[in-house]
Amino acid sequence: MAHVVETTTKQPPPLPGAKVPLSQAMAVALPAAEEPEDLRDTIREWFQDFGYWYLTSALVHMILFLALGVIFMLIPRPAGPKNNAPTFDAAEDVNAAAQADLSKKVEVGEPDPEPSVLTTDVLLVPPAGQSAKYYDDKDTFQEESVGRSGNATDNLLGGLNGMSLKGVDGVGGNGGVGASKGDSPEGTSAFDMRGHGRRKGIDGSGNTKIADRAVTSALNWLARHQLPKGNWSLQHESMCKDGVCSGSGSVRADAAATALGMLPFLAAGQTHKSAGPYKTVLSKAVGWLVRQQKPSGDLSGNADQPMYSHGLATIAMCEVYGMSKDEYVRGSAVKAIRFIEQAQNQATGGWRYYPGDTGDTSAVGWQVMALKSALMAHLPVNTMVLENARRFLKSCSKGEHNGLFAYLPFQDPTPATTAIGLLCMQYMGMGREDPAMVEGRQYLMSNLPSTAADGRNTYYFYYATLVMHNFMDRDWDTWNRNMRRLLVATQEREGCATGSWDPEKPVVDTWGGHGGRLMTTALSTLTLEVYYRYMPLFGVSSPGEQLTSAKAGGEKAANGH
């Protein structure tokens, strides 16, 4: 019987990374071990034949990875501001006990029977540098409560570039929760007036302790309804704890909602850098806005009407920078301003829903306020953009002296759009005695704040209050009494809604269905913060001054209208 000798040809090892049949791989990786006593010899032979291939492959790959690591480390990176790393997501230096307890509501309390709770000392000792006395317990205007003495009649800011307010002292110097203050150098920013002991109760321009308490409770509600990521939503119900606050908004615009949530805290002197009870709230909100900003500078997120949201968010970012001088925020604010400038319609000078739209007065108002906030924070603004905006507003002006304003050029004027137009024109240098300004003011005074079935419009109250506060005269006194009483009396006092304003009660707000409880609450709070948020643009009238519109407004108020 012949002896058959089986011979096999040894296959070279596969190259590193090459695909080989499973059977071949198993044959190579798992040599047969029919004879256990020869296992060690077999393994030794396998390593002698194939081991160096695998060792060489591993060594080559290790050298390549090391080389790539060295190259990556040598690539230069842009350096950020030294010793100024962003602290948006966490405020490590904030003592938890020093932050507001968001598990507790701040009770509003019942309104005082009298419209004022001012102390005798405040009434008899005017604030420093003022000579007028302030009586705020009368139903109608009295000469002593006209405001601080003065006789200037023109816009003290001198037009477009005057919006920066550099070196101008604030009015009264009161404002801020817990007397916290922004970090900008004293006397160099129009925001310096915020955060100076607002709890003293009055600043001489119509504020009262009961109004301050309403603001404090509103800030508490806003903080309790901030979402975990740092933003706010017009659909606020997910953050309700003690029952559900009704009045959800129909518009999806988280960037606008976040700006509306931030602005009342900023008006009260809080920032993400100041040591106040809402530092963490602001830190999270600023971080959310910065993170969702697009490379173009657009802050609107996925809003249905992006220019509205972007304008509001830009106001917030400019105020944050103006008060904190945070260089990281500055970069975001500058990009946002550039986006507004580039989005303007060059033919009409307006803004509307989307970049390049022809324009409407409401959208223009938010963009002009954003540009004004940038100038207040000493950020660069192309003043030709403001001149173009003036051109658009003139196309919407109506009335005998063009002092009334419509939403669109071919429509009729309304109180709300007139207030927006007047405020923009004030910011652009129109004087208090300009016939258009006098005409517009008379129109506002004939539409005092009201909760009548067709009269509640928080959007209008907000803009018109800013306009009237700039005059600081009898008209302001009459307007302020009506506005302050209405807002304090209608603020919620029960459950999770404590501190907020219901967009449906006591009557439906004109825009409450769109912006919901959050927008209504934010604008109402900002309206009650007007006393220390901005400095009046005009000189305060003297006690003996009696303007026609003031007389008409006073008589109307006295008759109960």
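The values are calculated or read from the model by the stated rules, or taken from the named source; none is laboratory data. Given the structure is predicted, the values throughout are model-derived calculations rather than measurements. FYI the Cβ positions are ideal-geometry reconstructions off the backbone, even for glycines, and counts take in every protein chain you see.
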(request) Output yes when any residue across the range 291-313 is hydrophobic (A, V, I, L, M, F, W, C), modelled with pLDDT of 95 or more, on the phi < 0 side of the Ramachandran plot and surrounded by fewer than 24 Cβ atoms within 10 Å (Cβ to Cβ), and no when none is. (result) no
(request) Sort out which residues of the range 346-387 are of a type in the set (A, V, I, L, M) and in a loop (DSSP other than H, G, I, E, B), and write them in order of number. (result) Ala347, Ala377, Leu379, Val381
(message) Just to verify a result, which residue in the range 230-250, among those that are at positive phi and crowded, with 16+ Cβ neighbours inside 10 Å, is modelled with the lowest pLDDT?
(response) Gly247
(request) Please go through the range 388-420 and pick out each residue that is part of a helix (DSSP H, G or I) and either under 21 Å from Asp454 (Cβ atoms) or of a type outside the set (Gly, Ala, Ser) (or both). (result) Asn388, Arg390, Arg391, Phe392, Leu393, Lys394, Pro415, Ala416, Thr417, Thr418, Ala419, Ile420
(message) Looking for something at pLDDT below 95, assigned to a loop (DSSP other than H, G, I, E, B) and farther than 26 Å from Thr478 by Cα - is there at least one such residue anywhere in the range 424-444?
(response) no
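Residue by residue through the range 469-520, note down the ones that are part of a helix (DSSP H, G or I), of a type in the set (Ser, Thr, Tyr) and under 26 Å from Met239 (Cβ atoms).
Selection gives Thr490, Thr520.
For the range 266-308, what are the residues that are basic (Lys, Arg) and assigned to a loop (DSSP other than H, G, I, E, B)?
Lys273, Lys294
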(message) Taking the criterion of being within 10 Å of the chain's Cα centre (by Cα), assigned to a helix (DSSP H, G or I) and not aromatic (Phe, Trp, Tyr), would at least one residue in the range 231-254 satisfy it?
(response) no
(message) With the requirement that a residue be buried (at least 23 other Cβ atoms within 10 Å of the Cβ) and of a type in the set (Phe, Trp, Tyr), what does the range 416-458 give you?
(response) Tyr427
